[in-house]
Amino acid sequence: MESKLQVYNTLSGNKEVFKPIAEGRIGMYVCGPTVYSDVHLGNCRTFISFDMIYRYLLYSGYKVRYVRNITDAGHLEESLSGKGKLDQLEPMEIVQKYTVGFHDIMGLFNAHPPTIEPTATGHIIEQIEITKNILSKGLAYESNGSVYFDVEKYNEQENYGELSGRKIEDLISGTRDLDGQDEKKSPLDFALWKKASPQHIMRWPSPWGDGFPGWHLECTAMSTKYLGENFDIHGGGMDLKFPHHECEVAQGTAANGKKPVNYWLHTNMLTLNGQKMSKSTGNTILPYELFTGDNNFMDKAYHPMVVRFFMMQAHYRSVLDFSSQALSAAEKGYNRLMTAVADLESLNTAENSSEDVQALVNSFYNAMDDDFNTSILIANLFEAATYINKVKSGQGTITKEDLETLKTKMHGFVFDVLGVNAIQEGANDKLDVAMEIILEVRKNAREQKDWNTSDLIRDKLNEAGISVKDGAEGTSWSIN
Ligand code: AMP
Ligand code: ZN
(Lines give C-alpha, C1' and ligand atoms only; values in the text may rest on other atoms or scores of the structure.)
(Ligands and ions follow the chains in the order given, each with its own letter.)
Protein backbone atom coordinates (compact mmCIF):
# COMPACT_ATOMS: atom_id res chain seq x y z
CA MET A 1 0.00 0.00 0.00
CA GLU A 2 1.54 3.25 -1.19
CA SER A 3 1.05 5.94 1.43
CA LYS A 4 1.67 9.60 0.80
CA LEU A 5 0.57 10.44 4.29
CA GLN A 6 2.90 12.63 6.30
CA VAL A 7 2.37 13.15 10.02
CA TYR A 8 3.97 15.54 12.46
CA ASN A 9 5.76 13.40 15.01
CA THR A 10 6.37 15.12 18.36
CA LEU A 11 9.27 12.72 18.92
CA SER A 12 11.29 14.16 16.02
CA GLY A 13 9.66 17.58 15.81
CA ASN A 14 9.20 17.00 12.07
CA LYS A 15 6.65 15.89 9.55
CA GLU A 16 7.53 12.33 8.56
CA VAL A 17 6.26 9.94 5.91
CA PHE A 18 3.97 7.59 7.76
CA LYS A 19 4.98 3.95 7.59
CA PRO A 20 3.07 1.43 9.74
CA ILE A 21 4.88 -1.47 11.41
CA ALA A 22 2.67 -4.04 9.67
CA GLU A 23 1.63 -3.40 6.07
CA GLY A 24 -1.93 -2.11 5.86
CA ARG A 25 -2.63 -2.25 9.59
CA ILE A 26 -2.32 0.44 12.23
CA GLY A 27 -2.35 0.34 16.02
CA MET A 28 -3.43 3.63 17.58
CA TYR A 29 -3.79 4.50 21.27
CA VAL A 30 -5.39 7.73 22.51
CA CYS A 31 -5.59 8.78 26.17
CA GLY A 32 -9.27 8.84 27.09
CA PRO A 33 -11.26 10.94 29.54
CA THR A 34 -11.18 10.97 33.32
CA VAL A 35 -14.76 10.09 34.16
CA TYR A 36 -15.20 11.99 37.43
CA SER A 37 -16.98 14.96 35.85
CA ASP A 38 -18.58 16.05 32.57
CA VAL A 39 -16.28 16.33 29.57
CA HIS A 40 -15.99 19.94 28.44
CA LEU A 41 -15.74 21.20 24.90
CA GLY A 42 -11.92 21.30 25.09
CA ASN A 43 -11.78 17.58 25.86
CA CYS A 44 -14.22 17.04 23.00
CA ARG A 45 -11.94 18.87 20.59
CA THR A 46 -9.14 16.41 21.27
CA PHE A 47 -11.39 13.38 20.89
CA ILE A 48 -12.99 14.77 17.74
CA SER A 49 -9.53 15.49 16.27
CA PHE A 50 -8.51 11.87 16.80
CA ASP A 51 -11.85 10.72 15.42
CA MET A 52 -11.01 12.61 12.23
CA ILE A 53 -7.53 11.03 12.15
CA TYR A 54 -9.03 7.58 12.68
CA ARG A 55 -11.57 8.26 9.93
CA TYR A 56 -8.91 9.33 7.43
CA LEU A 57 -6.78 6.27 8.18
CA LEU A 58 -9.83 4.08 7.52
CA TYR A 59 -10.68 6.06 4.38
CA SER A 60 -7.11 5.52 3.17
CA GLY A 61 -7.73 1.77 3.35
CA TYR A 62 -5.94 0.88 6.58
CA LYS A 63 -7.29 -1.59 9.07
CA VAL A 64 -7.04 0.25 12.40
CA ARG A 65 -7.13 -1.02 15.95
CA TYR A 66 -8.06 2.10 17.85
CA VAL A 67 -7.74 1.88 21.64
CA ARG A 68 -8.98 4.72 23.82
CA ASN A 69 -9.06 4.14 27.55
CA ILE A 70 -11.36 5.30 30.30
CA THR A 71 -9.50 6.69 33.33
CA ASP A 72 -11.68 5.43 36.14
CA ALA A 73 -9.12 4.68 38.86
CA GLY A 74 -8.87 7.94 40.67
CA HIS A 75 -8.24 9.56 43.93
CA LEU A 76 -11.64 9.65 45.56
CA GLU A 77 -11.51 9.90 49.30
CA GLU A 78 -14.21 9.61 51.90
CA SER A 79 -14.38 10.10 55.61
CA LEU A 80 -14.47 6.88 57.59
CA SER A 81 -17.73 7.55 59.42
CA GLY A 82 -19.97 4.51 59.92
CA LYS A 83 -22.52 5.21 57.19
CA GLY A 84 -24.66 2.59 55.51
CA LYS A 85 -23.46 1.15 52.17
CA LEU A 86 -25.96 3.09 50.08
CA ASP A 87 -25.08 6.43 51.71
CA GLN A 88 -21.44 5.98 50.90
CA LEU A 89 -19.77 7.45 47.92
CA GLU A 90 -19.63 4.66 45.35
CA PRO A 91 -16.92 5.47 42.80
CA MET A 92 -18.28 3.11 40.17
CA GLU A 93 -21.60 4.97 40.21
CA ILE A 94 -19.79 8.19 39.38
CA VAL A 95 -17.71 6.42 36.76
CA GLN A 96 -20.82 4.97 35.12
CA LYS A 97 -22.66 8.30 35.07
CA TYR A 98 -19.86 10.20 33.36
CA THR A 99 -18.90 7.36 31.03
CA VAL A 100 -22.47 7.21 29.72
CA GLY A 101 -22.51 11.02 29.43
CA PHE A 102 -19.24 10.97 27.50
CA HIS A 103 -20.54 8.34 25.07
CA ASP A 104 -23.76 10.32 24.53
CA ILE A 105 -21.81 13.47 23.70
CA MET A 106 -19.42 11.70 21.36
CA GLY A 107 -22.44 10.15 19.63
CA LEU A 108 -23.99 13.58 19.08
CA PHE A 109 -20.68 14.71 17.58
CA ASN A 110 -20.87 11.71 15.24
CA ALA A 111 -17.60 10.25 16.53
CA HIS A 112 -16.91 6.57 15.93
CA PRO A 113 -16.39 4.56 19.10
CA PRO A 114 -12.85 3.19 19.45
CA THR A 115 -12.44 -0.49 18.59
CA ILE A 116 -11.40 -1.22 22.20
CA GLU A 117 -12.29 0.97 25.18
CA PRO A 118 -10.49 -0.51 28.18
CA THR A 119 -10.72 0.81 31.73
CA ALA A 120 -7.89 1.41 34.17
CA THR A 121 -9.70 -0.50 36.95
CA GLY A 122 -10.04 -3.50 34.63
CA HIS A 123 -6.24 -3.68 34.24
CA ILE A 124 -4.87 -3.57 37.77
CA ILE A 125 -3.16 -6.97 37.44
CA GLU A 126 -1.34 -5.83 34.29
CA GLN A 127 -0.22 -2.66 36.07
CA ILE A 128 1.11 -4.63 39.03
CA GLU A 129 2.99 -6.92 36.61
CA ILE A 130 4.68 -3.96 34.87
CA THR A 131 5.62 -2.49 38.25
CA LYS A 132 7.23 -5.81 39.24
CA ASN A 133 9.01 -5.92 35.89
CA ILE A 134 10.48 -2.42 36.24
CA LEU A 135 11.49 -3.19 39.84
CA SER A 136 13.30 -6.31 38.62
CA LYS A 137 15.24 -4.20 36.11
CA GLY A 138 16.44 -2.00 38.97
CA LEU A 139 14.72 1.07 37.54
CA ALA A 140 12.17 1.48 40.35
CA TYR A 141 12.26 1.23 44.13
CA GLU A 142 9.82 0.58 46.92
CA SER A 143 9.37 3.18 49.60
CA ASN A 144 6.86 3.02 52.46
CA GLY A 145 4.33 0.88 50.55
CA SER A 146 4.63 2.86 47.32
CA VAL A 147 6.79 2.13 44.27
CA TYR A 148 8.53 4.95 42.40
CA PHE A 149 10.19 5.04 39.00
CA ASP A 150 13.86 5.99 39.36
CA VAL A 151 14.16 8.74 36.75
CA GLU A 152 17.84 9.55 37.26
CA LYS A 153 18.89 5.90 37.09
CA TYR A 154 16.83 5.46 33.91
CA ASN A 155 18.44 8.56 32.48
CA GLU A 156 21.92 7.02 32.86
CA GLN A 157 21.03 4.62 30.02
CA GLU A 158 18.21 6.44 28.26
CA ASN A 159 17.09 9.98 27.63
CA TYR A 160 14.31 11.11 29.98
CA GLY A 161 12.95 14.12 28.09
CA GLU A 162 13.26 12.68 24.57
CA LEU A 163 9.59 13.30 23.83
CA SER A 164 8.94 16.64 25.49
CA GLY A 165 12.39 18.07 24.79
CA ARG A 166 12.93 18.83 28.47
CA LYS A 167 16.40 18.54 29.96
CA ILE A 168 16.79 16.58 33.15
CA GLU A 169 19.13 19.18 34.69
CA ASP A 170 16.51 21.90 34.16
CA LEU A 171 13.83 19.65 35.59
CA ILE A 172 15.88 18.95 38.70
CA SER A 173 16.68 22.61 39.33
CA GLY A 174 13.05 23.54 38.63
CA THR A 175 11.46 21.25 41.21
CA ARG A 176 10.59 22.48 44.62
CA ASP A 177 10.02 20.34 47.66
CA LEU A 178 6.44 19.19 47.65
CA ASP A 179 4.36 17.17 50.06
CA GLY A 180 5.19 13.49 50.26
CA GLN A 181 8.39 13.85 48.33
CA ASP A 182 10.46 12.65 51.26
CA GLU A 183 9.54 9.13 50.15
CA LYS A 184 11.24 9.70 46.83
CA LYS A 185 14.92 9.71 46.02
CA SER A 186 14.38 12.57 43.60
CA PRO A 187 11.44 14.95 43.10
CA LEU A 188 11.37 13.82 39.44
CA ASP A 189 10.52 10.23 40.39
CA PHE A 190 6.91 9.35 39.73
CA ALA A 191 4.68 6.72 41.31
CA LEU A 192 4.07 3.39 39.63
CA TRP A 193 2.11 2.26 42.65
CA LYS A 194 0.79 4.40 45.53
CA LYS A 195 0.03 3.23 49.02
CA ALA A 196 -3.63 3.94 49.87
CA SER A 197 -4.40 6.00 52.93
CA PRO A 198 -7.28 4.64 55.08
CA GLN A 199 -9.65 7.20 53.48
CA HIS A 200 -8.82 6.13 49.95
CA ILE A 201 -11.77 4.16 48.63
CA MET A 202 -10.39 2.78 45.36
CA ARG A 203 -7.75 0.31 46.52
CA TRP A 204 -6.37 -3.04 45.51
CA PRO A 205 -4.06 -5.56 47.19
CA SER A 206 -0.53 -5.74 45.81
CA PRO A 207 2.86 -7.17 46.79
CA TRP A 208 3.52 -3.77 48.43
CA GLY A 209 0.27 -3.59 50.40
CA ASP A 210 -3.11 -2.01 49.60
CA GLY A 211 -2.87 0.76 47.07
CA PHE A 212 -3.67 1.98 43.58
CA PRO A 213 -1.68 2.44 40.36
CA GLY A 214 -0.01 5.71 39.36
CA TRP A 215 -1.84 7.51 36.57
CA HIS A 216 0.85 7.12 33.90
CA LEU A 217 0.96 3.37 34.28
CA GLU A 218 -2.55 2.58 33.06
CA CYS A 219 -1.81 3.78 29.53
CA THR A 220 1.39 1.74 29.34
CA ALA A 221 -0.49 -1.34 30.59
CA MET A 222 -3.43 -1.03 28.20
CA SER A 223 -1.48 0.04 25.11
CA THR A 224 1.01 -2.83 25.57
CA LYS A 225 -1.74 -5.35 26.16
CA TYR A 226 -3.80 -4.47 23.09
CA LEU A 227 -1.23 -3.06 20.64
CA GLY A 228 2.09 -4.61 21.67
CA GLU A 229 5.39 -3.40 23.10
CA ASN A 230 5.98 -1.22 20.05
CA PHE A 231 3.05 0.23 18.12
CA ASP A 232 2.33 2.90 15.51
CA ILE A 233 0.47 5.91 16.88
CA HIS A 234 -0.08 7.35 20.34
CA GLY A 235 -2.18 10.47 20.73
CA GLY A 236 -3.49 12.90 23.27
CA GLY A 237 -3.79 16.60 23.94
CA MET A 238 -0.65 18.76 23.94
CA ASP A 239 -0.95 19.20 27.71
CA LEU A 240 -0.33 15.48 28.23
CA LYS A 241 3.09 15.55 26.53
CA PHE A 242 4.78 16.17 29.86
CA PRO A 243 4.81 14.47 32.26
CA HIS A 244 2.21 11.87 31.23
CA HIS A 245 3.56 10.80 27.84
CA GLU A 246 7.20 11.30 28.78
CA CYS A 247 6.57 8.88 31.67
CA GLU A 248 4.87 6.43 29.32
CA VAL A 249 7.96 6.40 27.09
CA ALA A 250 10.16 5.79 30.14
CA GLN A 251 7.92 3.02 31.54
CA GLY A 252 7.60 1.21 28.21
CA THR A 253 11.33 1.43 27.52
CA ALA A 254 12.24 0.32 31.04
CA ALA A 255 9.81 -2.61 31.02
CA ASN A 256 10.28 -3.92 27.49
CA GLY A 257 13.66 -2.66 26.34
CA LYS A 258 12.16 -0.94 23.32
CA LYS A 259 10.52 2.38 22.53
CA PRO A 260 6.76 1.93 22.81
CA VAL A 261 5.58 4.31 20.11
CA ASN A 262 6.72 5.23 16.59
CA TYR A 263 4.58 8.35 16.02
CA TRP A 264 3.44 10.63 18.84
CA LEU A 265 0.60 12.92 17.77
CA HIS A 266 -0.52 15.86 19.92
CA THR A 267 -3.59 17.99 19.40
CA ASN A 268 -3.71 21.63 20.33
CA MET A 269 -5.97 23.30 22.83
CA LEU A 270 -9.40 24.84 22.57
CA THR A 271 -9.37 28.21 24.28
CA LEU A 272 -12.14 30.41 25.63
CA ASN A 273 -11.41 34.13 25.88
CA GLY A 274 -7.82 33.31 24.96
CA GLN A 275 -7.36 30.97 27.94
CA LYS A 276 -7.12 27.20 27.79
CA MET A 277 -10.47 25.62 28.47
CA SER A 278 -9.83 23.79 31.70
CA LYS A 279 -11.79 22.09 34.41
CA SER A 280 -9.47 23.35 37.14
CA THR A 281 -9.91 27.05 36.34
CA GLY A 282 -13.62 26.76 35.59
CA ASN A 283 -13.02 28.33 32.18
CA THR A 284 -15.20 25.77 30.45
CA ILE A 285 -18.25 25.38 28.32
CA LEU A 286 -20.11 22.09 28.27
CA PRO A 287 -21.39 20.61 25.01
CA TYR A 288 -25.02 20.58 26.16
CA GLU A 289 -24.86 24.25 27.13
CA LEU A 290 -23.97 24.94 23.53
CA PHE A 291 -26.54 22.63 21.93
CA THR A 292 -29.37 24.10 24.03
CA GLY A 293 -28.14 27.69 23.95
CA ASP A 294 -28.31 27.72 27.74
CA ASN A 295 -25.05 29.55 28.49
CA ASN A 296 -23.60 33.00 29.01
CA PHE A 297 -21.19 32.84 26.10
CA MET A 298 -23.31 32.51 22.97
CA ASP A 299 -26.44 34.26 21.84
CA LYS A 300 -28.02 31.18 20.29
CA ALA A 301 -27.92 27.40 20.26
CA TYR A 302 -25.69 25.47 17.85
CA HIS A 303 -26.18 22.03 16.38
CA PRO A 304 -23.43 19.48 17.18
CA MET A 305 -22.66 19.15 13.46
CA VAL A 306 -21.98 22.88 13.23
CA VAL A 307 -19.70 22.68 16.28
CA ARG A 308 -17.86 19.75 14.73
CA PHE A 309 -17.48 21.67 11.46
CA PHE A 310 -16.18 24.65 13.44
CA MET A 311 -13.50 22.44 14.97
CA MET A 312 -12.60 20.90 11.62
CA GLN A 313 -11.98 24.35 10.16
CA ALA A 314 -8.81 24.61 12.23
CA HIS A 315 -5.81 22.33 11.84
CA TYR A 316 -5.57 19.98 14.82
CA ARG A 317 -2.16 21.38 15.80
CA SER A 318 -3.38 25.01 15.91
CA VAL A 319 -4.92 26.67 18.91
CA LEU A 320 -8.62 27.25 18.35
CA ASP A 321 -10.44 30.03 20.16
CA PHE A 322 -14.09 29.67 20.88
CA SER A 323 -16.35 32.64 20.29
CA SER A 324 -19.86 33.47 19.25
CA GLN A 325 -18.67 35.15 16.05
CA ALA A 326 -16.45 32.25 15.02
CA LEU A 327 -19.24 29.76 15.58
CA SER A 328 -21.75 31.85 13.70
CA ALA A 329 -19.29 32.09 10.76
CA ALA A 330 -18.80 28.32 10.91
CA GLU A 331 -22.56 27.85 10.70
CA LYS A 332 -22.68 29.86 7.47
CA GLY A 333 -19.79 27.84 6.05
CA TYR A 334 -21.41 24.57 7.08
CA ASN A 335 -24.69 25.56 5.40
CA ARG A 336 -22.89 26.61 2.24
CA LEU A 337 -21.03 23.31 2.00
CA MET A 338 -24.12 21.22 2.75
CA THR A 339 -26.14 23.09 0.14
CA ALA A 340 -23.42 22.38 -2.44
CA VAL A 341 -23.37 18.67 -1.52
CA ALA A 342 -27.16 18.52 -1.85
CA ASP A 343 -27.03 20.39 -5.20
CA LEU A 344 -24.80 17.64 -6.62
CA GLU A 345 -27.98 15.54 -6.91
CA SER A 346 -29.67 17.82 -9.40
CA LEU A 347 -26.92 19.21 -11.66
CA ASN A 348 -27.25 19.06 -15.44
CA THR A 349 -24.36 17.38 -17.22
CA ALA A 350 -22.62 18.43 -20.46
CA GLU A 351 -20.06 17.29 -23.04
CA ASN A 352 -17.18 19.00 -21.25
CA SER A 353 -16.23 20.08 -17.78
CA SER A 354 -15.28 23.72 -17.35
CA GLU A 355 -12.94 22.83 -14.47
CA ASP A 356 -10.39 20.11 -13.78
CA VAL A 357 -12.31 17.81 -11.44
CA GLN A 358 -9.42 15.39 -10.97
CA ALA A 359 -7.22 18.25 -9.78
CA LEU A 360 -9.91 19.30 -7.32
CA VAL A 361 -10.19 15.77 -5.96
CA ASN A 362 -6.41 15.46 -5.71
CA SER A 363 -6.38 18.63 -3.66
CA PHE A 364 -8.66 16.93 -1.10
CA TYR A 365 -6.21 14.03 -0.71
CA ASN A 366 -3.17 16.31 -0.66
CA ALA A 367 -4.61 18.38 2.18
CA MET A 368 -5.31 15.33 4.34
CA ASP A 369 -2.01 13.64 3.45
CA ASP A 370 -0.26 16.75 4.72
CA ASP A 371 -0.63 15.96 8.43
CA PHE A 372 -4.45 15.78 8.31
CA ASN A 373 -4.90 19.40 7.27
CA THR A 374 -8.68 19.73 7.53
CA SER A 375 -8.38 23.49 7.32
CA ILE A 376 -6.98 23.28 3.77
CA LEU A 377 -9.36 20.45 2.93
CA ILE A 378 -12.35 22.64 3.79
CA ALA A 379 -10.94 25.52 1.72
CA ASN A 380 -10.66 23.07 -1.21
CA LEU A 381 -14.18 21.79 -0.61
CA PHE A 382 -15.38 25.40 -0.78
CA GLU A 383 -13.68 25.70 -4.17
CA ALA A 384 -15.68 22.70 -5.27
CA ALA A 385 -18.81 24.39 -3.87
CA THR A 386 -18.10 27.49 -5.97
CA TYR A 387 -17.78 25.29 -9.06
CA ILE A 388 -21.04 23.48 -8.23
CA ASN A 389 -22.79 26.86 -7.94
CA LYS A 390 -21.44 27.87 -11.34
CA VAL A 391 -22.75 24.69 -12.96
CA LYS A 392 -26.08 25.19 -11.22
CA SER A 393 -26.44 28.74 -12.54
CA GLY A 394 -25.31 27.83 -16.06
CA GLN A 395 -21.93 29.57 -15.82
CA GLY A 396 -20.02 26.30 -15.79
CA THR A 397 -20.32 22.75 -17.11
CA ILE A 398 -19.58 19.22 -15.88
CA THR A 399 -19.56 15.82 -17.60
CA LYS A 400 -21.50 12.84 -16.28
CA GLU A 401 -18.30 11.00 -15.26
CA ASP A 402 -16.85 14.03 -13.53
CA LEU A 403 -20.10 14.58 -11.67
CA GLU A 404 -20.02 10.99 -10.44
CA THR A 405 -16.41 11.39 -9.30
CA LEU A 406 -17.06 14.70 -7.57
CA LYS A 407 -20.13 13.31 -5.82
CA THR A 408 -18.33 10.20 -4.55
CA LYS A 409 -15.31 12.14 -3.33
CA MET A 410 -17.25 15.01 -1.78
CA HIS A 411 -19.43 12.54 0.10
CA GLY A 412 -16.29 10.67 1.14
CA PHE A 413 -14.42 13.70 2.42
CA VAL A 414 -17.37 15.51 4.00
CA PHE A 415 -19.30 12.61 5.55
CA ASP A 416 -16.65 9.89 6.04
CA VAL A 417 -13.50 11.92 6.72
CA LEU A 418 -14.67 15.16 8.34
CA GLY A 419 -17.56 13.26 9.87
CA VAL A 420 -20.02 16.11 9.41
CA ASN A 421 -23.46 15.01 8.35
CA ALA A 422 -26.41 16.94 7.08
CA ILE A 423 -28.74 17.99 9.88
CA GLN A 424 -31.81 15.78 9.62
CA GLU A 425 -34.71 18.17 9.69
CA GLY A 426 -37.32 16.21 7.75
CA ALA A 427 -39.39 15.12 10.73
CA ASN A 428 -39.15 18.53 12.30
CA ASP A 429 -40.16 20.58 9.29
CA LYS A 430 -43.65 21.19 10.63
CA LEU A 431 -42.31 22.02 14.08
CA ASP A 432 -39.94 24.54 12.49
CA VAL A 433 -42.85 26.24 10.74
CA ALA A 434 -44.97 26.25 13.89
CA MET A 435 -42.13 27.68 15.94
CA GLU A 436 -41.51 30.37 13.37
CA ILE A 437 -45.16 31.42 13.69
CA ILE A 438 -45.09 31.35 17.50
CA LEU A 439 -41.88 33.38 17.65
CA GLU A 440 -43.33 35.89 15.18
CA VAL A 441 -46.37 36.35 17.45
CA ARG A 442 -44.04 36.76 20.43
CA LYS A 443 -41.92 39.29 18.54
CA ASN A 444 -45.04 41.36 17.78
CA ALA A 445 -46.04 41.19 21.43
CA ARG A 446 -42.62 42.42 22.48
CA GLU A 447 -42.71 45.25 19.98
CA GLN A 448 -45.98 46.36 21.53
CA LYS A 449 -44.43 45.98 24.99
CA ASP A 450 -46.98 43.27 25.77
CA TRP A 451 -44.58 41.52 28.13
CA ASN A 452 -47.31 39.32 29.64
CA THR A 453 -47.94 37.61 26.32
CA SER A 454 -44.28 37.32 25.38
CA ASP A 455 -43.35 35.86 28.78
CA LEU A 456 -46.34 33.52 28.73
CA ILE A 457 -45.23 32.12 25.36
CA ARG A 458 -41.67 31.64 26.60
CA ASP A 459 -42.73 30.01 29.88
CA LYS A 460 -45.28 27.68 28.29
CA LEU A 461 -42.77 26.59 25.67
CA ASN A 462 -40.25 26.00 28.41
CA GLU A 463 -42.73 23.80 30.27
CA ALA A 464 -43.18 21.83 27.06
CA GLY A 465 -39.41 21.31 26.83
CA ILE A 466 -38.56 24.01 24.30
CA SER A 467 -36.28 26.82 25.37
CA VAL A 468 -36.34 30.21 23.75
CA LYS A 469 -33.37 32.49 23.80
CA ASP A 470 -33.23 36.18 22.88
CA GLY A 471 -29.88 37.27 21.51
CA ALA A 472 -28.27 40.01 19.47
CA GLU A 473 -29.08 38.15 16.25
CA GLY A 474 -32.74 37.58 17.09
CA THR A 475 -34.57 34.85 18.93
CA SER A 476 -33.61 31.20 18.67
CA TRP A 477 -35.15 28.07 20.11
CA SER A 478 -34.03 24.58 20.96
CA ILE A 479 -35.45 21.39 22.35
CA ASN A 480 -34.25 20.74 25.91
P1 AMP B 1 -8.66 14.62 30.96
O2 AMP B 1 -10.00 14.01 31.16
O3 AMP B 1 -8.44 15.84 31.80
O4 AMP B 1 -7.54 13.61 31.12
O5 AMP B 1 -8.57 15.15 29.46
C6 AMP B 1 -8.93 14.36 28.36
C7 AMP B 1 -8.28 14.89 27.10
O8 AMP B 1 -8.69 16.22 26.81
C9 AMP B 1 -6.74 14.94 27.16
O10 AMP B 1 -6.21 14.40 25.95
C11 AMP B 1 -6.43 16.42 27.27
O12 AMP B 1 -5.20 16.72 26.67
C13 AMP B 1 -7.57 17.02 26.47
N14 AMP B 1 -7.86 18.43 26.79
C15 AMP B 1 -8.01 19.00 28.01
N16 AMP B 1 -8.26 20.33 27.91
C17 AMP B 1 -8.29 20.62 26.59
C18 AMP B 1 -8.51 21.82 25.81
N19 AMP B 1 -8.78 23.00 26.39
N20 AMP B 1 -8.46 21.72 24.46
C21 AMP B 1 -8.20 20.52 23.85
N22 AMP B 1 -7.99 19.38 24.52
C23 AMP B 1 -8.03 19.40 25.87
ZN1 ZN C 1 -2.66 8.28 28.89
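The values are calculated or read from the model by the stated rules, or taken from the named source; none is laboratory data. Remember, it's a predicted structure, so these values are computed and weren't measured experimentally. No Cβ is skipped: glycine too gets one built from the backbone with ideal geometry, and neighbour counts run over all protein chains shown. Remember, those area values only see protein heavy atoms, side chains included, never the ligands or the DNA or RNA. Shrake-Rupley method; radii C 1.70, N 1.55, O 1.52, S 1.80 Å.
Data for the structure
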| item | result |
| --- | --- |
| Cα shape, the chain, gyration tensor, a/c 1.5 rule | oblate |
| Spatially proximal lysines relative to Lys390 (Cα-Cα < 25 Å; intrachain offsets below 8 disregarded) | Lys332, Lys400, Lys407, Lys409 |
| Rounded percent of accessible protein surface that carbon and sulfur make up, the chain, 1.4 Å probe | 49 |
| Per residue, in Å², the accessible surface of the chain once ligands and nucleic acids are set aside, probe 1.4 Å | 47 |
| Expected 222 nm ellipticity per residue - DSSP helices of 4 or more, -39500 (n - 2.57), all of the chain, to 500 | -13000 deg cm²/dmol |
| Inter-centroid distance (Cα atoms) of segment 370-412 relative to segment 106-151, Å | 46 |
| Stretch gain in nm, segment Asp182-Asn133, where the contour uses 0.36 nm per residue and the Cα spacing is subtracted | 15.2 nm |
| Derived scalar couplings ³J(HN,Hα) [segment 316-328; Karplus, 6.51 cos²θ - 1.76 cosθ + 1.60; whole Hz; x for Gly, Pro] | 5, 8, 9, 5, 10, 9, 8, 8, 4, 5, 5, 6, 5 |
| Segment 304-417: relative contact order as a whole-number percent, Cα under 8 Å and 6+ apart | 34 |
| Those lysines that a straight Cα-Cα span of less than 17 Å connects to Lys225, excepting residues fewer than 8 apart in one chain | Lys132, Lys258, Lys259 |
| Solvent exposure ordering (accessible area, 1.4 Å, most first) of Ser37, Ser454, Ser393 | Ser393, Ser37, Ser454 |
| Cβ charges +1 (Lys, Arg) and -1 (Asp, Glu), total dipole of the chain, debye | 220 |
| Modelled FRET efficiency - R0 45 Å, Tyr59 with Phe297, Cβ distances, 0.05 increments | 0.85 |
| Area accessible to solvent at Arg317, 1.4 Å probe radius, in Å² | 70 |
| Accessible heavy-atom area order of Arg336, Arg308, highest first, probe of 1.4 Å | Arg336, Arg308 |
| Subset of Lys430/Lys460; Lys276/Lys469; Lys85/Lys194 violating a 21 Å alpha-carbon distance limit | Lys276/Lys469; Lys85/Lys194 |
| Point-charge dipole on Cβ atoms (K/R +1, D/E -1) for segment 82-212, about Cα centre, debye to 20 | 260 |
| The chain: relative contact order in percent, alpha carbon pairs under 8 Å with at least 6 residues between | 17 |
| Three-way shape label, segment 427-479, alpha-carbon gyration tensor, a/c 1.5 | prolate |
| Among beta bridges that DSSP assigns inside the chain, antiparallel share in %, nearest 5 | 55 |
| DSSP-assigned coil residues among GluC sites (Glu not before Pro) in segment 307-373, each with at most 15 further Cβ atoms within 10 Å | Glu351 |
| Cα-centre dipole for segment 262-371 with unit charges at Cβ (Lys and Arg positive, Asp and Glu negative), debye to 20 | 620 |
| Sequence-separation-based contact order of segment 255-336, relative, with Cα cut under 8 Å and 6+ spacing, percent | 32 |
| Dipole-positive endmost among Ile438, Asn9, Met305 within the chain (Cβ charges, Cα centre) | Asn9 |
| Cβ-Cβ FRET estimate between Leu456 and Gln358, R0 fixed at 60 Å, reported to 0.05 | 0.50 |
| ³J(HN,Hα) computed for each position of segment 198-207 - Karplus, 6.51 cos²θ - 1.76 cosθ + 1.60, integer Hz, glycine/proline x | x, 6, 6, 8, 9, 8, 9, x, 8, x |
| Val64 long-range amide H proximity, modeled H, under 5 Å | Ile26 |
| Vicinal HN-Hα couplings computed from phi for segment 93-109 (Karplus, 6.51 cos²θ - 1.76 cosθ + 1.60; Hz; Gly/Pro x) | 6, 5, 4, 5, 4, 7, 5, 4, x, 4, 4, 4, 5, 5, x, 5, 7 |
